[in-house]
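Below is one structure, written out as structure tokens; comments come after it.
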Amino acid sequence: MKRAAFYVRVSTVEQHPETQLRDLREYAQRRGLSVPQEREYVDHGIGGTKARRPALDRMLEDAHRRRFDVLIVWSCDRLARSTKHFLLVLDELDSCEIQFVSLREAFDTAGALGRAFLGIVAVLGEMERALLIERVRSGMARARAEGRQIGRARLDVNRQQVIQDRRSGMSLTQVANKHRISRASVCRLMKEANGNPNVAVPALAENMPEQVSAAGAAR
């Protein structure tokens, strides 16, 4: 027997989820499906425009844990209000091999029409990803043509002086404070100066100036 679950959402606290639950329970009974109370996921007083909802998140987590085989909703708009969000949730359920049923739309992903729709969802997802990549590339090309910076901005600092100060015995903190850059930037410049960014330049001890002074005093 397939393990089933319900997802129910009402937008206001004045609305009662029992209206949807009654129809869902009748449907499950006709199909011989048993739905324990912990598999009734209810978001009460939460709008459909919110992608993150307590019961929806819990339902998706349980779907990934394979705690049910069929998700039944009263209507598709109970699951999501935007087409994009609906397709994302439907794709996630399909990846978990969860059958999706909507009573009002008479939609069932186990049927031929449902499987065809899932194929359309996959194509739309691929198209959206391709369009996103194309938009990013187009935006970067336009930014370059306009002379705008792409990626991390180049440090506006006298690199040679930074390297010289560090090698003279100044600590990382002292060099960073002097040139108004981060300690990580000082380390990166030293690695670049060493000619191999994968090998760190042996750093002088933070208290090197004090040690040198102490050694001179001992003499």
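No lab work stands behind these numbers, since they all come straight from the coordinates. Everything numeric here is computed off the predicted structure, so don't read it as measured data. Glycine gets a Cβ as well: all are built from the backbone with ideal geometry, and neighbour counts include every protein chain shown.
Miscellaneous remarks
- Cα gyration tensor category, rounded, prolate or oblate, for the range 4-107 with a/c compared to 1.5: rounded
- Charge sum, other residues only, whose C-beta stays under 11 Å from Pro36's C-beta, Lys/Arg counted +1 and Asp/Glu -1: +1
- Shape call, the range 1-44: gyration tensor on alpha carbons, a/c limit 1.5: prolate
- Loop-resident GluC sites (Glu not before Pro) (DSSP state other than H, G, I, E or B) in the range 35-107 with no more than 16 further Cβ atoms inside 10 Å of their Cβ: Glu97, Glu105.
- The range 34-68: trypsin sites (Lys or Arg not before Pro) in DSSP loop, at most 10 other beta carbons within 10 Å: Arg52, Arg65
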